[in-house]
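Worksheet: one structure, shown below.
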Amino acid sequence: MFEIVPYLLICKFRESEKLMIVKVVLNNKEQNIDRTFDYEVPEGLEDKMQIGMRVLVPFGFRNKRVEGIVVGMPKFSDFDALKAVSKILGTEPVCPPETLKLCLWISQRYFCSLYQAIRLTTPPGMISGVSEKTENYARLAIDRDTAFELKEEFRRNRAVARARVLETLIMTDNIPLVKLVKEKGGTYDAVRYLTSKGYITVESEQVVREAYDEAKYEKTTAYTPTEEQKTVIDYLYNRIDNEECDKILLRGVTGSGKTEVFLQAIERVMEKGKNAIMLVPEISLTPQMVQRFVGRFGNRVAVIHSALSNGERYDQWNRIKKGEVRVVVGARSALFAPMKNIGIIILDEEHENSYKSETTPRYHAIEVAEKMSEDANCVLLLASATPSVTEYYKAKNGEYTLFEMTKRYNEGAMPTVKIVDMRGELFENKNRSPLSLALQAEIKKNLFIGQKTILFLNRRGYSTFVSCRECGEVINCPDCSIAMTYHKKSDSLSCHYCGYTMKNVTACPECGSKYVRYFGTGTQKIEEELKNLFPEAKVLRMDTDTTSQKGGHERILDKFKNEGADILLGTQMVTKGLDFHDVTLVGVLAADTALAVDDFRANEKGFSLFTQVCGRAGRGDVPGRAIIQTYQPFNATVNFAKTHDYEGFYKNEIIQRKRLNYPPFCDIIYIMVTGEDEALVKQRAEEIGDRIKKEMKNDKNIFSILGPAPAPIEKIRNNYRYRILLKCKNKDDSHGFLRSIYEEHEKNNKKTFLTIDTNPINMY
């Protein structure tokens, strides 16, 4: 693997003074190539060429044109005959030298090619040709008095369209050409005539596709912090003023005012002439979160998230690159925005799984942010009401500076939480509804007094799976070894892994029986139940199905806030980033689904979900209450959530982690081989497994191996999957060995794909 320094700074090649030479990393999907190639820059392109430019170059025997990125401009090459760059794409570099260094670090650490790492930092939609949007504007080229005389002359000569164009431009400095023609009575012929005479000009101007409407948000100013907030803010000010690199973890209960801490710290950074990156999980990036930052900092904020179109994301990226904004707010990918002179990086809800990429490059935003804060010598602030066990362990052991805010900003009490045993609902109360009688009573109370309710169920769709009661056949996805979910509204079955959709079945495809039934409960089914139980209530459902269209989140939350909706039902989307002062009741349905998962982090995830969603209640003046429905009423995690006892949960969980040797007491390495040929996948997995076992005899860092064996989900998208799970004392100590396995596979194996992931979120 090449080093960044040789191809950016040091060149030990044969001199060719007459030629400009560039080193290019290729985006070649047909071959696994992770190296640079030298190309000659033809005359006419030398002045435009810079490191970080996108180019088209001929590659291979047939000279197929392939896209690449220029990563170096040496004076020498060790090759006599070089092919020439075909074309420069775009007018500016998409990845400058300082960013290339970060990309190389990512490619090495997360087992991917340099080009895959570079793609993280390039503008969205780059390959599909997204660019600046422009619009033609018309304006006067003569003074208004002359224009007025001409307008009158055209009127007298019945040149009405020409007169209207001049009349409009006399009244306004400039106007979009389309509007001038379609709305103001002008014509393109009239515009061409007036332009030819020099009376008006038509010029193309960039139009920014805005990610938010600033006018919608009320301006805010900093408020006097509480004592707990002030302690944190004063510490941050000190670090910011002294430009010191520091890693800080802030644990603050829901409603304690963490966001105001962020805002005041960012304001200090901006006063010092520096910029800020503010990351939140995708599900927390609600209009309410955007409102807080735009309300405080106005159009100096850029917003980046997946709900934006490629064009909107490109324009936000471009505004950042041009230095027009001071704060970037966004999901994980916003970390790679072209922001310079960074003074603080903040990750809110740091415990969220969405900070870990599950596609190549499989980076973790916290690790990348740590690297960036070290390079920029700036503050890194992680925050959560329920920090991840691993990060909290690091803070407790001095790797982070730890602050804790234990009180709500308004001195309000945390919501009271009641646990309902769902076993008693069925056997004692004869209640077959997924809503307990206790929860039904509380919902009725809220409807009567005009207060709002949030219900959380971590499953969308109508039912979890469909099966035949006669032969037991479960309807699986034809391309994945996973049960399909029934969606009642469309009367269809859908695979939530690959997206395959089919019409619902009325007869068993295996035995022909008509006794096909639906099992499990999803948000659609709960929505139907709510409408049956409370026909007078206005219910809104918030899940992937209802928010897939552009602006879906905002429309639903707007209705919940302003249009008299009573109940908001949803998946994880309703657990984060919502602050409604009239929400006084929260219900957690089927809490067991979060705990009954084959994952050592199940308790951590469950505690976080329960605590976060319960924290949506009682954020105003009226005390909040919550109900957790479970078949495990004595489960320790559920009971810690009931009392909002993070410390108790952490102490209990860390004991279990140490006893079972799970992170943070080890690192887990996940190795997956996939491909369409099962025999070939199995063979390759076994070869890798044998190599690892030989290594374990000499290197005691890796102390446990599971597999190779078929993954729990054996097939996804018609690709068979074999996995190996390793436990090691320190992932860095085995990195070189694993890197050699990755590079050998990429070089010699074309029909199977290898994934190496450290401390993965999902291991299915």
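The values are calculated or read from the model by the stated rules, or taken from the named source; none is laboratory data. Everything numeric here is computed off the predicted structure, so don't read it as measured data. We place every Cβ from the backbone using ideal geometry, glycine too, and count neighbours over all the protein chains shown. In case anyone asks, the SASA skips ligands and DNA or RNA and just uses the protein heavy atoms, side chains included. Shrake-Rupley method; radii C 1.70, N 1.55, O 1.52, S 1.80 Å.
Of note:
- Filter result for the condition that a residue is farther than 30 Å from Lys445 by Cβ, polar (S, T, N, Q) and surrounded by fewer than 16 Cβ atoms within 10 Å (Cβ to Cβ), over Ser481, Ser490: Ser490
- Residue in the range 131-144 that is part of a helix (DSSP H, G or I), more than 29 Å from Tyr363 (Cβ to Cβ), of a type outside the set (Ser, Thr, Tyr) and over 21 Å from the mean Cα position of the chain (by Cα) present: yes
- Annotation note: Cβ proximity below 7 Å between a residue of the range 66-83 that is without any contact (Cβ under 8 Å) to a residue 40 or more places away in the chain and aromatic (Phe, Trp, Tyr) and a residue that is part of a loop (DSSP other than H, G, I, E, B) and open to solvent by 70 Å² or more (accessible area, probe 1.4 Å) (sequence gap 6+ or interchain) occurs for no pair.
- Just one of the numbered conditions (1) surrounded by 14 or more Cβ atoms within 10 Å (Cβ to Cβ); (2) modelled with pLDDT under 90; (3) of a type outside the set (Val, Ile, Thr) is not true of Asp47: (1).
- Counting residues in the range 349-363 that are of a type in the set (Gly, Ala, Ser), at pLDDT below 95, within 18 Å of the chain's Cα centre (by Cα) and open to solvent by 10 Å² or more (accessible area, probe 1.4 Å) gives one or more.
- The listed residue being open to solvent by less than 50 Å² (accessible area, probe 1.4 Å) and either out of contact with any Ser or Thr (no Cβ under 6 Å at 6 or more places or on another chain) or at pLDDT 85 or above (or both), out of Gly551, Gly577: Gly551
- When each of Ile51, Ile88 is tested for being under 25 Å from Lys322 (Cα atoms) and either assigned to a strand (DSSP E or B) or in contact with a Cys (Cβ under 6 Å, 6 or more places away or on another chain) (or both), the lone residue that passes is Ile88.
- The residue of the range 306-332 that is most open to solvent (accessible area, probe 1.4 Å), among those that are assigned to a loop (DSSP other than H, G, I, E, B) and over 18 Å from Val269 (Cβ atoms), is Lys322.
- The C-beta contact set for the range 737-764 (first residue farther than 18 Å from Arg721 by Cβ, second residue in a helix (DSSP H, G or I), distance under 7 angstrom, 6+ apart or interchain) comprises Phe737/Glu695; Thr758/Lys731.
- Complete set of residues in the range 451-473 that are open to solvent by 60 Å² or more (accessible area, probe 1.4 Å) and either over 26 Å from the mean Cα position of the chain (by Cα) or modelled with pLDDT of 90 or more (or both): Phe465, Arg469, Glu470, Cys471, Glu473
- Residues that are modelled with pLDDT of 90 or more, surrounded by 15 or more Cβ atoms within 10 Å (Cβ to Cβ) and part of a loop (DSSP other than H, G, I, E, B), drawn from the range 189-242: Tyr199, Pro225, Thr226
Residue-by-condition table, conditions (1) in a helix (DSSP H, G or I); (2) within 12 Å of Ile668 (Cβ to Cβ); (3) open to solvent by less than 40 Å² (accessible area, probe 1.4 Å):
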position	(1), (2), (3)
Lys700	no, no, no
Leu706	no, yes, no
Pro712	no, no, no
Arg721	no, no, yes
Leu726	no, yes, yes
Gly736	yes, no, no
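- Screening Lys371, Lys407, Lys396 for residues that are of a type outside the set (S, T, N, Q) and free of Cβ contacts under 8 Å to residues at least 24 places away in the same chain leaves exactly one candidate, Lys396.
- Out of Ser77, Ser107, Ser86, sole residue that is of a type in the set (Ser, Thr, Tyr) and either surrounded by fewer than 16 Cβ atoms within 10 Å (Cβ to Cβ) or at pLDDT below 90 (or both): Ser77
- Tally of residues being surrounded by fewer than 17 Cβ atoms within 10 Å (Cβ to Cβ), among the charged types (D, E, K, R) and touching a residue at least 24 places away in the same chain (Cβ under 8 Å) across the range 639-685: 3
- Residue match in the range 738-750 (condition: acidic (Asp, Glu), touching a strand residue (DSSP E or B) at 6+ places or on another chain (Cβ under 6 Å), open to solvent by 20 Å² or more (accessible area, probe 1.4 Å) and over 23 Å from Asn353 (Cα atoms)): no
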